[in-house]
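For reference, the structure discussed in these notes is given below.
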Amino acid sequence: MSPDPRRDGETPTDLAERLVDFVEALRSKGIRTGTSETVDAAAVMAALGLDDRHRLREGLASALVRRSGQREVFDMTYDLYFPVGIGVGAAAAEIDAESAEDLRDLLLMAIAEGDQRMMQQLAELAVDTLGSVPTAGSSEGGWSAYQTLDRLNPRTLTAAAEAMRAQQQGRGQGQGNGPGGGSGSGGSAPGLGGGDVADSLTRDEVRRMIDLFRTMVEAEARRRTAEVRGRDLVTQHAVRRSASEVDFLSANAQQLADLQQAVQPLARKLATRLSARRRRSRRGRIDIRRTMRRAMGTGGVPMRPVHAPPHRTRPELVLLCDMSGSVAGFSDFTMLLVQALRGQFSKVRVFAFVNTVDEVTDIVREGVDVRRRIAEEARITKWHTSSDYGESFRDFVLDHLDAVGPRTSVLILGDARNNNQALRLQDLHEIAQRSRRSFWLNPEHPGSWGLGDSVAPEYAEVVEMHECRTITQLEQFISRLLPV
């Protein structure tokens, strides 16, 4: 791989422009960086220099990454704006492999031996050999990680790599056996299932190496494409946004899984904020009568306000969650987050609906495969499977209205797309009137409210409706609006 000539020949002004472009790219992917962070990053570059790329990466990350879940986005963007080089590396170019079968054989050996350096060289060569994608009517093409992996198909090497690695480990254990048949440090005790454990560890390690190779191929395809198509374009289309900025309605299966992993860290942070707010509010409200009486000693000037004893109660929370279609992912995440925050409330009850309502508090409390269990165990549909908010509100009033009281805050989760059914605004009004406060979290952009079968404007006249499309917006709502 030839070194990046732009790096060797760059002036300080060029480096400053590249750093600014890098920061703007991070900002476009949801990593909030401002002027102060950019200045810090420039100081890091001046202090560390450009000799050690890994050290520079860690230095810039310390200056620009402020929140968990952002490091993967940072690393992907860094590889585009500060690439290791241009083209195929010299070591990779010297590998004697002319076909996909040759590459597969070499990859099998590298995985079995755990040689990550060789895997990186093979990833470079595989993308260059198998991943080229010409663009019709243009001299600028690109490289496809999907095409490379599809032709190479590394997943089929799992069994062969496991067998090869197990064979290598067997030889190592045989050499370690002492005289008289005694086992060396690598042997397994009989009767303890040592062989099964070793097999499991081998299998997991092989799969981890294959996943690592896939990541290498994806990074190499992005780097090579950026050389001809531009860093900005590749960043826009090939770099995922940080988990906190992923739109609930457009998230794929992997992104939804990442969101699930973010529940507990986010819950701990929000619990700390809510606890701090509660501590600040312990003084209670100002007692006007007693304050004015005390002010008589200072000529009527209320120099020392008197606070009434605080009414120390934790609110109750009721969730009404639409579990239909793509909205289910948003509801699923919010239910788990609120359940993780249950210590901040005196009581939490969760109800799910599509066109009728059923309580699912116990299912959510267990937190295991919540969406599937709700679909299988709860009665949330009647004679059809389309959303019907009006019918669901009616059933809630008839069967579960006792869950709402003067200390209860009600959260309704859904996109307010009612499939042209009756709105039953009077039932929603009754729920709102009975509760202490009520909010509606809508995962759609406000520009879509009222379009098609959306009745969000009508429901927003009864219940205060908030846009809630990302983790960031949900975090802001919980930390600022929920009563404590």
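The values are calculated or read from the model by the stated rules, or taken from the named source; none is laboratory data. Keep in mind it's a predicted model, so treat the numbers as computed, not measured. We place every Cβ from the backbone using ideal geometry, glycine too, and count neighbours over all the protein chains shown. Please note that ligands, DNA and RNA were not included when accessible areas were found on the heavy atoms of the full protein model with its side chains. Shrake-Rupley method; radii C 1.70, N 1.55, O 1.52, S 1.80 Å.
Scanning the stretch 22-46 for residues that are open to solvent by 30 Å² or more (accessible area, probe 1.4 Å) and closer than 21 Å to A243 by Cα returns E24, R27, S28, R32, E37. The sole residue among R165, R203, R171 that is open to solvent by 40 Å² or more (accessible area, probe 1.4 Å) and either modelled with pLDDT of 80 or more or over 32 Å from the mean Cα position of the chain (by Cα) (or both) is R171. Just for the stretch 439-450: of the residues that are within 20 Å of I478 (Cβ to Cβ) and either among the charged types (D, E, K, R) or part of a helix (DSSP H, G or I) (or both), which one is most open to solvent (accessible area, probe 1.4 Å)? For the stretch 439-450, the residue satisfying everything is P446. Selection of the stretch 107-138 for residues being over 35 Å from the mean Cα position of the chain (by Cα) and hydrophobic (A, V, I, L, M, F, W, C) yields only A136. Being in a loop (DSSP other than H, G, I, E, B), on the phi > 0 side of the Ramachandran plot and surrounded by 21 or more Cβ atoms within 10 Å (Cβ to Cβ), is that true of even one residue in the stretch 416-438? Within the stretch 416-438 (the criterion being in a loop (DSSP other than H, G, I, E, B), on the phi > 0 side of the Ramachandran plot and surrounded by 21 or more Cβ atoms within 10 Å (Cβ to Cβ)), the answer is yes, since at least one residue qualifies.
Contact annotation: residue pairs with Cβ atoms under 9 Å, 6 or more positions apart or on different chains, pairing a residue in the stretch 24-40 that is closer than 19 Å to S68 by Cβ with a partner that is assigned to a helix (DSSP H, G or I) and acidic (D, E), are K29/E245; G30/E245; I31/E245; T33/E24.
Could you check, for the stretch 217-224, whether at least one of its residues is open to solvent by 40 Å² or more (accessible area, probe 1.4 Å) and not in a loop (DSSP other than H, G, I, E, B)? For the stretch 217-224, residues open to solvent by 40 Å² or more (accessible area, probe 1.4 Å) and not in a loop (DSSP other than H, G, I, E, B): present. Filtering the stretch 333-385 to residues that are among the basic types (K, R) and in contact with a strand residue (DSSP E or B) (Cβ under 8 Å, 6 or more places away or on another chain) leaves R342, K347, R349, R379. Would the stretch 77-90 turn up any residue that is touching a residue at least 60 places away in the same chain (Cβ under 8 Å), assigned to a helix (DSSP H, G or I) and small (G, A, S)? There is at least one residue in the stretch 77-90 that is touching a residue at least 60 places away in the same chain (Cβ under 8 Å), assigned to a helix (DSSP H, G or I) and small (G, A, S). Selection of the stretch 211-240 for residues being of a type in the set (S, T, N, Q) and either touching a residue at least 24 places away in the same chain (Cβ under 8 Å) or on the phi > 0 side of the Ramachandran plot (or both) yields T225, T235, Q236. Among the hydrophobic types (A, V, I, L, M, F, W, C), modelled with pLDDT under 90, open to solvent by less than 40 Å² (accessible area, probe 1.4 Å) and over 13 Å from P154 (Cα atoms): is that true of I86 in this structure? The answer is no for I86. Looking only at residues that are within 16 Å of E218 (Cα to Cα) and β-branched (V, I, T) in the stretch 129-157, which one is modelled with the highest pLDDT? For the stretch 129-157, the residue satisfying everything is T148. Among the residues of the stretch 382-400, those that are touching a residue at least 40 places away in the same chain (Cβ under 8 Å), closer than 21 Å to W440 by Cα and not in a helix (DSSP H, G or I) comprise S386, S387, H400. Restricting the stretch 47-69 to residues that are open to solvent by less than 70 Å² (accessible area, probe 1.4 Å), of a type outside the set (D, E, K, R) and part of a loop (DSSP other than H, G, I, E, B) leaves a set whose member that is farthest from F22 (Cα to Cα) is G69. Of all the listed residues (G191, G195, G180), the sole one being surrounded by fewer than 17 Cβ atoms within 10 Å (Cβ to Cβ), at pLDDT below 60 and not in a helix (DSSP H, G or I) is G191.
The set of residues in the stretch 91-102 being hydrophobic (A, V, I, L, M, F, W, C) and either without any contact (Cβ under 8 Å) to a residue 40 or more places away in the chain or open to solvent by 30 Å² or more (accessible area, probe 1.4 Å) (or both) consists of A91, A93, I95, A97. Among the residues in the stretch 126-145, are any open to solvent by 10 Å² or more (accessible area, probe 1.4 Å), assigned to a helix (DSSP H, G or I), in contact with a Leu (Cβ under 8 Å, 6 or more places away or on another chain) and under 23 Å from D211 (Cα atoms)? The answer is yes; a qualifying residue exists. H400 meets each of the listed conditions (1) surrounded by fewer than 19 Cβ atoms within 10 Å (Cβ to Cβ); (2) touching a Ser or Thr at 6+ places or on another chain (Cβ under 6 Å); (3) of a type outside the set (A, V, I, L, M, F, W, C) apart from (2).
Evaluating R372 against the criteria (1) basic (K, R); (2) without any contact (Cβ under 8 Å) to a residue 12 or more places away in the chain; (3) under 24 Å from P315 (Cβ atoms) leaves one unmet condition, (3). Restricting the first member to the stretch 107-134 and to residues that are free of Cβ contacts under 8 Å to residues at least 24 places away in the same chain and more than 16 Å from R203 (Cα to Cα), and the second to residues that are open to solvent by less than 60 Å² (accessible area, probe 1.4 Å) and not polar (S, T, N, Q), the beta-carbon pairs closer than 7 Å and six or more apart or on different chains are M118/A110; S132/G141; S132/W143; V133/G141; V133/G142; V133/W143; P134/G141. For first residues located in the stretch 241-265 and under 15 Å from G30 (Cα atoms), partners that are charged (D, E, K, R) and lie 6+ apart or on another chain with Cβ distances below 7 Å form the pairs R241/K29; S242/K29; A243/D258; S244/R67; D247/R469; F248/R469.
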